[in-house]
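The next block holds one structure in the form of structure tokens; read it before the comments.
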Amino acid sequence: MHEAAGFYENEAWTAGIVGLGYIGLPLALAACRSGLDVIGFDIDEAYIERLNDGESVIEDVSDAELRSALASRLELTADAGRLREADAIFICVPSPLGRNREPDLSYIRSAVEVVRRVAHPRMLVSLESTTYPGTTEEIVVPAVLDGRLRLDEDVWVAFSPERVSPGDQLATADIPKLVGGVTEQSTAVAAAAYRRIIASVHPVSSAAVAEMAKLLENTYRAVNIGLANEMSQLAHALGLDIWEVIDAAATKPFGFQPFYPGPGVGGHCIPLDPQFLAWRAREAKFATRFIDLAEEVNLSQPIYTARRVMSLINQQRLPVYGTEVLGVGISYKANIADDRESASLEVLHELEAQGAVISVLDPVVGEERIEAHGFTAVSMDGDLSGFAIVVVLTDHDVIDYAAIADAGPIVFDARGAYRRRGIARGNVVAL
Ligand code: SAJ
């Protein structure tokens with residue numbers, strides 16, 4: 001084994017984390033649990049202060065485990081200079097899309113500039129932020145070398161995609177980790193470092209392979225969710241229950257993985273990641289038709305959902321204008337509070353634009369966020385009788401679906417929530 005790989009595999013070293021969000025903070029705690037000293041850096045001083053007060057705002061990190069780490073091996077700071085103490089730096093910053101849905105690498109570039117200033121001989125730098133193939137080579141390496149350090153002699157550079165699935169109880173250390181170095185040695189050194197933190201590490205031949213693998217993972221989801229959404233529209237046109245059809249297909253023990261339709265695709269990964277690949281493909285003059293079609297279907301699903309709701313209002317001989325509508329669930333997926341890129345919000349804002357009066361029940365997201373979106377918040381024990389229709393958009397487990405249906409209004413179930421829970425009611429219509 002290369003001497004540097006041996007160091008990261010066996011010696012005591014310090015991990016630096018740049019970006020302490022839903023990827024960086026769990027990674028910092030996993031590194032602490034594996035016995036490493038950790039310096040966590042974030043540009044948001046107020047956020048660092050809250051974390052140092054032992055207050056975690058990351059759903060998958062409890063205050064108790066944060067406090068325990070702070071009492072032992074974890075230092076959290078807004079002073080980037082502290083990262084000079086690190087032997088390995090893991091970059092875990094956002095990689096969103098810009099206004100025209102093109103890659104926005106501004107956060108990665110800022111983080112890489114932080115690393116440039118503190119890079120020193122015997123440092124590993126690993127980018128974890130989802131990005132297009134080539135980013136690590138083209139942006140991270142030049143900054144880390146900075147004309148003064150040598151690749152494989154002084155520093156090693158790799159890409160290792162984050163794979164956290166918010167709300168799933170899989171711990172960071174238990175999710176297999178891809179690692180692709182910009183050189184063979186960088187792969188070996190990065191894999192050795194990650195093995196101290198993550199149970200299963202899978203080296204690949206280059207950073208670009210790892211970058212592309214991550215995008216394939218999420219493009220696979222976006223395309224299959226898009227297929228499920230298109231099948232939901234077709235099934236409705238044919239007078240069939242798409243949820244029964246999917247459950248029937250899912251009895252096949254091989255060759256079929258069920259994906260389910262919904263009001264659209266939300267979150268900060270699935271709607272975005274495929275666009276990184278499509279953008280890079282255009283440089284190679286390659287048309288990514290599956291990605292583009294999935295995007296078209298998934299972006300149209302909120303309007304399709306709103307149209308189905310308006311049709312049910314019309315069937316009650318009511319105008320959409322002024323009709324009281326209750327939306328259930330505004331986070332982008334069940335049982336988490338994150339409402340970023342939530343399709344539920346797109347459906348409700350479309351109904352609002354058509355004149356409906358929107359109230360929302362979502363005890364997971366909470367009344368403050370509901371009102372921040374301009375909707376009236378309804379509590380679980382609120383009076384539901386005044387609503388002409390209830391729309392289930394995100395099916396949190398904590399909701400009492402039977403009680404909602406028994407309160408009398410028509411229920412439009414965009415998530416298959418009633419079928420999945422075996423609750424049969426005559427006034428529930430499924431997507
Ligand atoms: N959705 C559907 N139908 C489905 C599955 C999902 O409509 O059958 C919707 C969800 O409601 C949500 C969106 O798609 O709005 C994304 O769902 P998701 O389950 O992919 O959730 P994310 O984006 O929080 O997490 C994903 C990870 N998901 C899983 O592996 C299950 C994974 O793809 C990535 O590790 C993660 O994004 C990431 O950070 O890239």
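The values are calculated or read from the model by the stated rules, or taken from the named source; none is laboratory data. What you are looking at is a predicted structure, and each value in this text was computed from that prediction instead of being measured. Neighbour counts are summed over all protein chains in view; Cβ atoms, including those assigned to glycine, are modelled from backbone coordinates with ideal geometry.
Mind checking which helices (runs of 4 or more DSSP H) fall wholly inside the stretch 94-196 and carry at least 2 residues that are within 16 Å of the ligand (Cβ to nearest atom) and aliphatic (A, V, I, L, M)?
So the answer is none; nothing clears 2.
Checking the conditions here, which among Ile58, Ile108 is in contact with a strand residue (DSSP E or B) (Cβ under 9 Å, 6 or more places away or on another chain) and not small (Gly, Ala, Ser)?
After ruling out the rest, the residue left standing is Ile108.
Need the failing condition index for Val365 against (1) buried (at least 21 other Cβ atoms within 10 Å of the Cβ); (2) under 18 Å from Val429 (Cβ atoms), just the number.
With respect to (1) buried (at least 21 other Cβ atoms within 10 Å of the Cβ); (2) under 18 Å from Val429 (Cβ atoms), Val365 is out only on (2).
Name the single residue, out of those in the stretch 9-23 being under 14 Å from Ser126 (Cβ atoms) and crowded, with 24+ Cβ neighbours inside 10 Å, that is modelled with the lowest pLDDT.
Ile23
Looking at (1) more than 16 Å from the ligand (Cβ to nearest atom); (2) touching a residue at least 40 places away in the same chain (Cβ under 8 Å); (3) buried (at least 19 other Cβ atoms within 10 Å of the Cβ), can you tell me which one Ile358 breaks?
Against the list (1) more than 16 Å from the ligand (Cβ to nearest atom); (2) touching a residue at least 40 places away in the same chain (Cβ under 8 Å); (3) buried (at least 19 other Cβ atoms within 10 Å of the Cβ), Ile358 comes up short only on (2).
Just the residues that are among the charged types (D, E, K, R) and in contact (Cβ under 8 Å) with a residue 60 or more places away in the chain, please, taken from the stretch 108-148.
Arg122, Glu128, Glu137
Among the residues of the stretch 243-262, are any among the small types (Gly, Ala, Ser), away from the ligand (no atom under 11 Å from the Cβ) and under 23 Å from Val347 (Cα atoms)?
No, the conditions are met nowhere in the stretch 243-262.
Can you find a residue in the stretch 308-329 that is in a helix (DSSP H, G or I), more than 10 Å from the ligand (Cβ to nearest atom) and either within 27 Å of Pro161 (Cβ to Cβ) or not assigned by TED's automatic domain parsing to the domain that holds Val411 (or both)?
no
Among the residues of the stretch 236-245, are any closer than 19 Å to Ile23 by Cβ, free of Cβ contacts under 8 Å to residues at least 24 places away in the same chain and either aliphatic (A, V, I, L, M) or assigned to a helix (DSSP H, G or I) (or both)?
There is no residue in the stretch 236-245 that is closer than 19 Å to Ile23 by Cβ, free of Cβ contacts under 8 Å to residues at least 24 places away in the same chain and either aliphatic (A, V, I, L, M) or assigned to a helix (DSSP H, G or I) (or both).
Can you work out which of the residues in the stretch 375-388 that are modelled with pLDDT of 95 or more and farther than 16 Å from Gly322 by Cα is surrounded by the fewest Cβ atoms within 10 Å (Cβ to Cβ)?
Ala377
Which condition does Phe90 not pass, out of (1) within 25 Å of Ala193 (Cα to Cα); (2) of a type outside the set (Val, Ile, Thr); (3) not in a strand (DSSP E or B), if it passes all the others?
The number of the failed condition is (3).
Report every pair of residues separated by at least 6 positions or lying on different chains whose Cβ atoms are under 7 Å apart, first residue within the stretch 194-213 and modelled with pLDDT under 95, second acidic (Asp, Glu).
Note: pairs meeting the criteria are Ala199/Asp174.
Here's the yes/no breakdown for (1) within 25 Å of Ser95 (Cα to Cα); (2) in contact with a Lys or Arg (Cβ under 9 Å, 6 or more places away or on another chain); (3) among the aromatic types (Phe, Trp, Tyr); (4) crowded, with 19+ Cβ neighbours inside 10 Å:
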residue: Leu215; (1), (2), (3), (4): yes, yes, no, yes
residue: Ala222; (1), (2), (3), (4): yes, no, no, yes
residue: Asp247; (1), (2), (3), (4): no, yes, no, no
residue: Pro261; (1), (2), (3), (4): no, yes, no, yes
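Give me the helices (runs of 4 or more DSSP H) completely within the stretch 343-431, filtered to those with at least 2 residues that are within 24 Å of Pro166 (Cα to Cα), ordered by residue number.
Helices (runs of 4 or more DSSP H) meeting the threshold: 343-353, 367-372, 417-420.
Of all residues in the stretch 389-410, count the ones that are crowded, with 21+ Cβ neighbours inside 10 Å and within 16 Å of the ligand (Cβ to nearest atom).
So the answer is 7.
Would you check if there is a residue in the stretch 75-95 being under 21 Å from Ala171 (Cβ atoms) and either out of contact with any helix residue (DSSP H, G or I) (no Cβ under 9 Å at 6 or more places or on another chain) or at pLDDT below 95 (or both)?
No: the stretch 75-95 contains no residue that is under 21 Å from Ala171 (Cβ atoms) and either out of contact with any helix residue (DSSP H, G or I) (no Cβ under 9 Å at 6 or more places or on another chain) or at pLDDT below 95 (or both).
In this structure, does Thr305 turn out to be touching a residue at least 24 places away in the same chain (Cβ under 8 Å), within 13 Å of the ligand (Cβ to nearest atom) and of a type in the set (Ser, Thr, Tyr)?
For Thr305, the condition - touching a residue at least 24 places away in the same chain (Cβ under 8 Å), within 13 Å of the ligand (Cβ to nearest atom) and of a type in the set (Ser, Thr, Tyr) - is met.
Could you check, for the stretch 270-287, whether at least one of its residues is part of a helix (DSSP H, G or I), more than 16 Å from the ligand (Cβ to nearest atom), of a type in the set (A, V, I, L, M) and surrounded by fewer than 19 Cβ atoms within 10 Å (Cβ to Cβ)?
Yes, the stretch 270-287 contains a residue that is part of a helix (DSSP H, G or I), more than 16 Å from the ligand (Cβ to nearest atom), of a type in the set (A, V, I, L, M) and surrounded by fewer than 19 Cβ atoms within 10 Å (Cβ to Cβ).
Between Asp60, Asp53, which is among the charged types (D, E, K, R), at pLDDT 95 or above and either more than 16 Å from the ligand (Cβ to nearest atom) or buried (at least 16 other Cβ atoms within 10 Å of the Cβ) (or both)?
It is Asp53.
Looking only at the stretch 1-42, how many residues end up being in contact with a Cys (Cβ under 6 Å, 6 or more places away or on another chain) and over 27 Å from Glu184 (Cβ atoms)?
Selection size over the stretch 1-42: 3.
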